[in-house]
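One structure is given below, encoded as structure tokens.
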Amino acid sequence: MLLLLLSLSASAQDPVDRLLAPTPATLRTSLARIDQLLDQGLALGTATARIQNAVLVELGPRVSCEPTRDQHALRAELLTDAWWARVQSARSELGRAEQMAASPAAQPLLREADAKALARAQQRVEEQSIAWLMAARAQRERILPYRERCPTTLEPGSGLLNRSPASAEEQRQGVAVLLMAGGLLCPDPLGGDAPVAVGEDAAVVLGSPAACWSAAECDCVPVAALPGAVFGPPPDPVSP
Amino acid sequence: MRLALLLPVVGLPVVGAGCLGEEPAPEAVAPPSPAWVGVLELRLEPVHIAEGVARPEETAGLAMALLERRLGDLEGVAARVEGLPARPALAWAVAPEERWRLAVRVEGEGEEIRLNSQLCDPLERCLDNSVPAEWGWPGAATTATVAWVGARLGRRFLGSTETWAAPESRDPYALLILGRAAATVYGLRAAPDPEERDDPRRDPLARSVFLDPTMATGWYLRARSPLSGPEGTRRQHAERASALDPGDPLLVADAASLALMAGDPALALPGLESLQGVAPDDLRFPLALAEAALLADAPETSRRVAFRLRNVPAADPERLSLEVRIAEATNSLDGPQLDRLLQEWAIAADQDPEPVQRRVDQRVAAGDLAGALELMPELQARAPGEATRAQEMALALALGQHERAATLADELGRVEIAAAMRALRDLNDPAAAANHLAASGDPGARLARGWLLFRAGRTEEAAQIAQAELELRPWEADALALGVQAWRAQGREEEALALALRLGQVDPLHRLALAPSPVAE
């Protein structure tokens, strides 16, 4: 399955400049991208954990298909994939950053703060890689067999509230949600004014606390987004 | 000002407010008139023993030890023994404003001896003094000599002198070994071999306090000598000495300085603060206090001390260095103020590359790369070598001065970097730029050449470079991206798609990647 993702494009730095003569500024841009990817990864990790837990607490060898659980199992898969994309891209960017830091063109101008930022990025990448691997294992070994027995397609639905109070870090991080293709996400999930057209199903991390999905114009009312929610077209009115 | 002196009047040059910017809290405002007692360095020459004096090494050693200890108790006097590092208490003393010299001779026959001293000012104008001495324990004679020096220098005693004359031990043999230990410390006698150190049978330093552990001078010598072990151990020796002679504030300073040297500023702070009560104006100690406070996460205390230090002579590199670090820790200076302080430090320490390097770093941090580059000749003069050249090269490169950077790389013998700089210089002509990199063995340069050829429209060569690189490094994202672009430009979508999928595994969010699901596949 292919999953195209919104919101983050790869490092926009000119590869020639970066490969031949990185500067401290180039390195800092790279480290900022790693941070951005991992911040999003953190939000996706939170959403993945909540949705996975919702599935796993009910999952047994003979459990039958059930619509809400089917949805959660699918959401968990999409969120895990999206999380992996962030972590893997962060690992890739980290490789570039390490090359830049070692380059004779940049190295003499680097400060202690740069070295610390690089070390922090290395640590964060490692931590999230391990966390993702654990989630991926649960997904592959326990949820995927259920998914194959109970296939479904994505439908709009709310996310999951954590019953325990959010930590300060959780409060700071964004909210990872899923978007269904064919509409607009309102307002701009990255904090801009313009809504974003959703070309394909995607996982995003919202920059604003509330959002809504609209087919053509942003005439919807934004609602508070919870981790793992699916934004999409409202269900068809039930026929009398 | 308490510098009524022997010959020329020694004055303390007073500098105006430095460049510390805004003043700290009201209680920290510098006093209107400076009350500091400047540091006078007193070079203590090795005690000369005339022929005929019994046990010359031990006698000289003991005289040296007692003189050094007691001279330290004169306010602001930094007694230094030629050829030896200063005692720990003086490690943070500000630069001396004058240098004097004291030569002592022990003359006499057998045990009938005298201490003859000569004190010389910076212009080598000298005064003589002579006192009778008791062989075996010249405590009274050294006390009288130090009192005479103090009177000449106009410096008061900080501690109590009551106990100075009495022998530190009732055991004459212990005193003899104490003198031998001192002779070892002051280089008048060979030090024991490393395997003999700390062995009370062979090492006089260990033996003296083994024979009589109540001798403060024995513990002082152990604290003073680097041969006695690491600073942490020596600090304990100094503390023992201080406990045995609580009237000697310099022993407190020794212990505190050794704690600071051992990386334990919190342990150093109480002693240094207590010295402020005994000798608040003595310029041998405030730098240590400021340093300890800074390292013990009390930068405001440090800053208060440093603020008061603004009244001391400006040209003290240690003080200026500390002021810089305090300013950095407290974030109390803006960029130009810090630069001025660094400049002041650079002038005071005219051979030291550190202040210039810090100015460079500060300008780089502020984004003033051109300003940093301007300082390179000065840095090169102080720290000639490859590291400075490499720094200059990086600055030139960051400023887009590619030819200058290339020339510096040539000078450093870094051919591939020089080629890279010239490729960057010729970026407007990608084919020409690629030519510079043709012989480079650097993987980054090889890939950059591929990208340049791609830009020049030579997509087939670019694809070949990508393929060759992928044979060496199959998961190299830049090679995969180059391959995707190059194959696609040639209309070979199948090859491009294969590489885009592989790129998706390496860097799923790369704009050229197609990302698979790692879970579902």
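The values are calculated or read from the model by the stated rules, or taken from the named source; none is laboratory data. Worth saying up front: this structure is predicted, and the values here are computed from it rather than measured. Methodologically, a virtual Cβ is constructed for each residue, glycine included, from the backbone with ideal geometry; neighbour enumeration extends over all protein chains shown.
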Subset of segment A:13-39, residues in contact with a Lys or Arg (Cβ under 7 Å, 6 or more places away or on another chain) and more than 10 Å from chain B (Cβ to nearest Cβ), comes to A:Ser30, A:Leu38
Report the residue count in segment A:114-135 for those that are without any contact (Cβ under 8 Å) to a residue 40 or more places away in the chain, within 14 Å of another protein chain (Cβ to nearest Cβ) and more than 20 Å from A:Thr26 (Cα to Cα).
2
Quickly run through segment A:59-78 and pick out the residues that are part of a helix (DSSP H, G or I) and either over 23 Å from B:Gln505 (Cβ atoms) or more than 10 Å from every other protein chain (Cβ to nearest Cβ) (or both).
A:Pro67, A:Thr68, A:Arg69, A:Asp70, A:Gln71, A:His72, A:Ala73, A:Leu74, A:Arg75
Before we move on, is B:Asp426 acidic (Asp, Glu), crowded, with 19+ Cβ neighbours inside 10 Å, under 23 Å from A:Pro104 (Cα atoms) and touching a helix residue (DSSP H, G or I) at 6+ places or on another chain (Cβ under 8 Å)?
no
Could you check how many residues of segment B:468-497 are surrounded by fewer than 24 Cβ atoms within 10 Å (Cβ to Cβ), charged (D, E, K, R) and within 22 Å of A:Ala90 (Cβ to Cβ)?
2
Count - residues of segment B:109-137 that are within 27 Å of B:Arg180 (Cα to Cα) and not in a loop (DSSP other than H, G, I, E, B):
16
Taking segment A:83-113 and keeping residues among the hydroxyl-bearing types (Ser, Thr, Tyr) and at the interface with chain B (Cβ under 7 Å from one of its Cβ atoms) leaves A:Ser89, A:Ser92
Test for A:Trp132: is it modelled with pLDDT of 95 or more and out of contact with any Asp or Glu (no Cβ under 8 Å at 6 or more places or on another chain):
yes
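Each row is one residue, and each column tells you yes or no for (1) buried (at least 19 other Cβ atoms within 10 Å of the Cβ); (2) part of a loop (DSSP other than H, G, I, E, B).
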| position | (1), (2) |
| --- | --- |
| B:Gly232 | no, no |
| B:Arg240 | yes, no |
| B:Leu269 | yes, no |
| B:Gly277 | no, no |
| B:Arg284 | yes, yes |
| B:Ala293 | yes, no |
Just a yes or no: is a residue in segment B:479-497 under 30 Å from A:Ala138 (Cα atoms), assigned by TED's automatic domain parsing to the domain that holds B:Leu447 and assigned to a helix (DSSP H, G or I)?
no
Kindly list, by first and then second residue, each pair from a residue in segment B:505-521 that is more than 7 Å from chain A (Cβ to nearest Cβ) to a residue that is part of a strand (DSSP E or B) and modelled with pLDDT under 90, limited to pairs with Cβ atoms under 7 Å and residues at least 6 apart or on different chains.
B:Gln505/B:Pro516
Quick one: in segment A:136-165, of everything that is within 22 Å of the chain's Cα centre (by Cα) and under 12 Å from A:Val55 (Cβ atoms), which residue is farthest from the other protein chains (Cβ to nearest Cβ)?
A:Leu160
For segment B:72-108, give me each residue that is among the hydrophobic types (A, V, I, L, M, F, W, C), touching a helix residue (DSSP H, G or I) at 6+ places or on another chain (Cβ under 8 Å) and in a strand (DSSP E or B).
B:Leu74, B:Val77, B:Ala78, B:Ala79, B:Val81, B:Trp100, B:Leu102, B:Val104, B:Val106
Candidates B:Leu482, B:Leu424, B:Leu470, B:Leu437 - the one that is out of contact with any Gly (no Cβ under 9 Å at 6 or more places or on another chain) and not small (Gly, Ala, Ser)
B:Leu437
Among the numbered conditions (1) within 12 Å of chain A (Cβ to nearest Cβ); (2) surrounded by fewer than 21 Cβ atoms within 10 Å (Cβ to Cβ); (3) under 30 Å from B:Gln351 (Cβ atoms), tell me where B:Thr388 comes up short.
(2)
Among B:Ala372, B:Ala381, B:Ala349, B:Ala365, which is farther than 25 Å from B:Trp92 by Cα, of a type in the set (Gly, Ala, Ser), free of Cβ contacts under 8 Å to residues at least 60 places away in the same chain and surrounded by 17 or more Cβ atoms within 10 Å (Cβ to Cβ)?
B:Ala372
Any residue that is touching a helix residue (DSSP H, G or I) at 6+ places or on another chain (Cβ under 7 Å) and more than 30 Å from B:Gly400 (Cα to Cα) - is there at least one of those in segment B:449-467?
yes
Quick check: anything in segment B:212-230 more than 30 Å from the chain's Cα centre (by Cα), surrounded by fewer than 20 Cβ atoms within 10 Å (Cβ to Cβ) and among the β-branched types (Val, Ile, Thr)?
yes
Is there a residue in segment B:45-59 that is in a loop (DSSP other than H, G, I, E, B), in contact with a strand residue (DSSP E or B) (Cβ under 7 Å, 6 or more places away or on another chain), among the charged types (D, E, K, R) and under 18 Å from B:Val146 (Cα atoms)?
yes
Consider B:Arg69 carefully, then state whether it is in the same structural domain as B:Arg180 (by TED's automatic domain parsing), assigned to a strand (DSSP E or B) and charged (D, E, K, R).
no
Residues in segment B:138-159 that are farther than 19 Å from B:His48 by Cβ and either assigned to a strand (DSSP E or B) or not hydroxyl-bearing (Ser, Thr, Tyr) (or both) total 13
Out of segment B:82-103, which residues are in contact (Cβ under 8 Å) with a residue 60 or more places away in the chain and among the aliphatic types (A, V, I, L, M)?
B:Leu84, B:Ala89, B:Leu90, B:Ala91, B:Ala93, B:Val94, B:Ala95, B:Leu102
Of (1) part of a helix (DSSP H, G or I); (2) touching a Leu at 6+ places or on another chain (Cβ under 6 Å); (3) within 22 Å of A:Gly60 (Cα to Cα), A:Ala138 satisfies every one except (2)
Condition check: under 23 Å from B:Glu323 (Cα atoms), more than 8 Å from every other protein chain (Cβ to nearest Cβ) and not acidic (Asp, Glu). Does B:Arg359 satisfy that?
yes
